[in-house]
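> Can you read through this structure? Questions will come right after.
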Amino acid sequence: IGSGIAGLFFALKAAAHGEVIIVTKDTVDNAATTYAQGGIAAALGTWDNPQKHMDDTLIAGAGLCDEQAVEILVREGVKRVQELIDLGMPFTRGEDGKLHFGREGGHGESRVLHTHDHTGRSLESFLLEKVSAEKNIRLYTNHCVVELATEHHLKERSNSATVFGAYVLNAATGDIDLFKADFTILASGGAGRVYPVTTNPPVSTGDGVALAYRAGCRVRNMEFFQFHP
């Protein structure tokens, strides 16, 4: 559910194991990913390491960070960005052919990989190209999830922790269909549009959080939604 970097990247990896359906409530590239300009921070430089990245993040977080989450971010981030490079993502390189690392606020090292100043748009286009070439992936645009399917909807299901698909509204026809799935992944973005002032795209209305909450998930740190893509 969702066609930004998280949804597309997951779909590419999951397609090696079975059929994947992506549903997105607007056009395929109308995601916060598309609007993100600066780049992706990852400790890939020979002068850098995940511990430095973690230290910088904890300082910038002013005591509010979940340290376990930060540790996952800086360690796994290196591996995931390297996967993008290996897939062929055209990050900007210097005249010597080496990756160019920018430096942004809060970072003590140059560790921001970018594609000029339109990283998000380039990344979204790159991943969509990969997804479109994958025979195990089907992508439905203008399809909005209205509810996750749980045991409340099918009486034979008794496990309250089980989600077995989603009810999806086809905006063109007005029909709502049940999309059954062994695994349901929420990659539906932020909620900036619930505030009167935001730089988020119109689709960032917090649908995923509401869907998850109604299905029984715990919700925390709702005040930390990112305003800038």
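> With respect to residue 95, determine if the residue is at pLDDT below 95 and either exposed (fewer than 12 other Cβ atoms within 10 Å of the Cβ) or part of a helix (DSSP H, G or I) (or both).
It is true that residue 95 is at pLDDT below 95 and either exposed (fewer than 12 other Cβ atoms within 10 Å of the Cβ) or part of a helix (DSSP H, G or I) (or both).
> Still on this structure: Just to confirm my filter: which strands (runs of 3 or more DSSP E) fall fully inside the stretch 116-229 and include at least 3 residues that are under 25 Å from residue 87 (Cβ atoms)?
Filter on the stretch 116-229 gives 137-140.
> Pull out all pairs, ordered by first then second residue, where Cβ-Cβ is under 6 Å, the residues are six or more apart or on different chains, the first lies in the stretch 214-229 and is at pLDDT below 85, and the second is open to solvent by less than 70 Å² (accessible area, probe 1.4 Å) and among the polar types (S, T, N, Q).
What qualifies is 227/198.
> Moving on. For the condition open to solvent by 40 Å² or more (accessible area, probe 1.4 Å) and touching a Phe, Trp or Tyr at 6+ places or on another chain (Cβ under 7 Å), what is the one hit in 146, 112?
Step by step, each of 146, 112 is checked, and only 146 is open to solvent by 40 Å² or more (accessible area, probe 1.4 Å) and touching a Phe, Trp or Tyr at 6+ places or on another chain (Cβ under 7 Å).
> Consider residue 89 against the criteria (1) surrounded by 18 or more Cβ atoms within 10 Å (Cβ to Cβ); (2) in contact (Cβ under 8 Å) with a residue 40 or more places away in the chain; (3) part of a loop (DSSP other than H, G, I, E, B): it satisfies all of them except one. Which criterion is unmet?
(2)
> Is the stretch 195-207 home to any residue that is aliphatic (A, V, I, L, M), under 14 Å from residue 143 (Cβ atoms) and crowded, with 18+ Cβ neighbours inside 10 Å? Working first, answer last.
The initial filter retains those residues of the stretch 195-207 that are aliphatic (A, V, I, L, M), namely 197, 203.
Within this subset, residues satisfying the condition of being under 14 Å from residue 143 (Cβ atoms) are 203.
Still in the list and also crowded, with 18+ Cβ neighbours inside 10 Å: 203.
Yes, some residue in the stretch 195-207 is aliphatic (A, V, I, L, M), under 14 Å from residue 143 (Cβ atoms) and crowded, with 18+ Cβ neighbours inside 10 Å.
> Related question: Any idea which residue in the stretch 152-190 is farthest from residue 15 (Cα to Cα), counting only those that are surrounded by 13 or more Cβ atoms within 10 Å (Cβ to Cβ) and at pLDDT below 90?
Result: 152.
The values are calculated or read from the model by the stated rules, or taken from the named source; none is laboratory data. Everything numeric here is computed off the predicted structure, so don't read it as measured data. We place every Cβ from the backbone using ideal geometry, glycine too, and count neighbours over all the protein chains shown. The accessibility values were calculated without ligands, DNA or RNA, using every heavy atom of the protein model including side chains. Shrake-Rupley method; radii C 1.70, N 1.55, O 1.52, S 1.80 Å.
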